[in-house]
Every structure is written in structure tokens, then in C-alpha cells.
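Everything below concerns the one structure shown next.
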Amino acid sequence: MKELEIISDFTIFLQTKGLTIQDICQYLVTVSLKDYGFYCAVFAEVQKNGQVRVTSHFGADPKDVEAWQDMDFEIKTPVNDCLRENRIVWINTLPNYSQDYELLNSLPTDENLKTLVVFPLRGSSHLLGAISILSSEKIELDTEIELLIKGLCHMAALRMEIGSKPKTKIIDLKSRESAIYNGNLKTLTPRQKKIFEMLIAKKTNKEIADQLIYSVSTIKQETIAIYEKLGLRGREDSYLLQEYLDAIKD
């Protein structure tokens, strides 16, 4: 079945080292659900102050995201309903919202948007947040696609929960045991150094591949090799390493 193949492929993807929530959002709309016209994914979570904030997204206009930021959890929105009731919210009457969400018609909305699906990501003991995915097609809710999305969100929640467990930082800005003082940067090949420079500039694998004229697969393999040589867990540690480099230059 097509749905099982999609979930199987997504499961393999989730084993990628250094995966971020943005990476998950991107993969959902560019690979797993691309045949359904989905082009944007947004992750939001409830903050300690009781407001709902977008903390990661892919394919969304930053200006539109900002307009939707920091809404009170008590306001009736698709995301808040999803989080409060722990259920999938499915709307396929867009770009105009129904009377239930009339307040949202005053906020920026993509004119190409036809269907909005919001699904909860629940960990073993608490709700991690909600992912909203946007499609340019009017999609009717049926059992197969609902089960597919539920399967994807369960796998994503599991990966996020595992990734959020506390770990000892490998890069310590105050430690002489850092990758800089160990001279590990010198072990990188010229190509790996160029890729690493683009990684810490927060370029995606595809952007790096396009600029250096390599396949995405090659960039992924080189990225894994870079992380191993420098003792990094993933992109987050590479950003921390860049902060360290900037600090010792000052």
C-alpha cells in the first residue's frame, strides 16, 4: 500500500542524525505528503506564559508567521483546538475561515491555501505541540489519509521526544577539550571544510548540493563524516561551534 510505503520511508528519514523540527516539517511537505499538494508546515507549542508560539516552520512567509505569533491559548483557533482537544483539525474551505474561526479572516492568509490540517504531536507523558500543514488543493478527509497523517505524527512525536532528552554538550565554550583546541578542524578535507562553512551558515542540504553541484546524498554522507570528525551530534552543535569561533576572534 502507498500509505505504508510513505510511513516506512518517513521512519527511515527520522533516523537521520542531527534532525531538527524544521527538517521534519520540510520532509513532510516535500516528500511524505507532496502528492496531496502540501507545500508548507508549521510547528507550534504552548509557552509557559499561556501563549501559543510558532517555533519552527518550512515554506511559510516569515511575515505571515509573525502575524500569527503569540496568540492566547484561550482564543479559538485550529491550532488551539488541536492542542486542547488532542485531535486532528481538518479545514478545506480556505482561504476563508468558517464562522467558528471568523477572527482569523482578518489575519494574512495565502490565497492559494485550500486545505489546512493540524495534528497533535504527543509524547509518552505530555503534548509536545502541533504541526499545521497547508495544501493548495481541496482535500476531503477520508480514513486512509487520516490514518496516514496519524501514523506520520506518531513517528514524528517519538523522534522529537527522543531528541529532546537531555544530553551532555560535546562542545564546551570554556573547555580546552573543544574541537578547536584538539585541531579536529584540520582533519576535514577541502570539500568538507566548504560544506561545514555552509552548514554553520544554516544552509539546507539541498541548498549546499545546488551551490556545490553535488547530489543531496553526497552532501548527507559528507555531513555525517564532518560530525564524526568534529565530535558533533548535529547541526545544533555546529552552530554552537560557530559561536565559539566567533568568540575567540573577538
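Just wondering, is there one or more residues in segment 52-70 that are touching a Lys or Arg at 6+ places or on another chain (Cβ under 9 Å) and assigned by TED's automatic domain parsing to the domain that holds M155? Full working, then the answer.
Initial filter on segment 52-70 (touching a Lys or Arg at 6+ places or on another chain (Cβ under 9 Å)): 69-70.
Next cut, assigned by TED's automatic domain parsing to the domain that holds M155 only: 69-70.
Yes, some residue in segment 52-70 is touching a Lys or Arg at 6+ places or on another chain (Cβ under 9 Å) and assigned by TED's automatic domain parsing to the domain that holds M155.
Suppose we keep only residues that are in contact with a Ser or Thr (Cβ under 7 Å, 6 or more places away or on another chain) and in contact (Cβ under 8 Å) with a residue 60 or more places away in the chain within segment 134-148. Which one would you say is nearest to V52 (Cα to Cα)?
For segment 134-148, the residue satisfying everything is S135.
List the residue pairs whose Cβ atoms are under 8 Å apart, where the first residue sits in segment 61-88 and is closer than 15 Å to I133 by Cα, the second is among the acidic types (D, E), and the two are 6 or more positions apart or on different chains.
D61/D110; D64/D110; N80/E74; R87/D81; I88/E146
Mind checking which residues of segment 166-195 are surrounded by 17 or more Cβ atoms within 10 Å (Cβ to Cβ) and modelled with pLDDT of 85 or more?
Answer for segment 166-195, where residues must be surrounded by 17 or more Cβ atoms within 10 Å (Cβ to Cβ) and modelled with pLDDT of 85 or more: Q192, I195.
Between a residue in segment 112-133 that is outside the structural domain of L94 (by TED's automatic domain parsing) and over 21 Å from N96 (Cα atoms) and any residue that is assigned to a strand (DSSP E or B) and β-branched (V, I, T), which pairs come within a Cβ distance under 8 Å, given they are 6 or more apart or on different chains?
none
Could you figure out which of (1) in a loop (DSSP other than H, G, I, E, B); (2) modelled with pLDDT of 90 or more; (3) under 21 Å from F10 (Cβ atoms) isn't true of S132?
It is condition (1) that S132 fails.
Which of the residues that make up segment 1-19 are of a type outside the set (G, A, S) and assigned to a helix (DSSP H, G or I)?
Correct list: K2, E3, L4, E5, I6, I7, D9, F10, T11, I12, F13.
Give me the pairs: first residue in segment 5-34 and in contact (Cβ under 8 Å) with a residue 40 or more places away in the chain and basic (K, R), second residue surrounded by 15 or more Cβ atoms within 10 Å (Cβ to Cβ) and in a loop (DSSP other than H, G, I, E, B), beta-carbon distance under 6 Å, and six or more apart or on different chains, which are they?
These pairs meet every condition: K17/G234.
The values are calculated or read from the model by the stated rules, or taken from the named source; none is laboratory data. Computed from a predicted model, the values in this text were never measured in an experiment. Backbone-built Cβ (ideal geometry, glycine too); neighbour counts: all protein chains shown.
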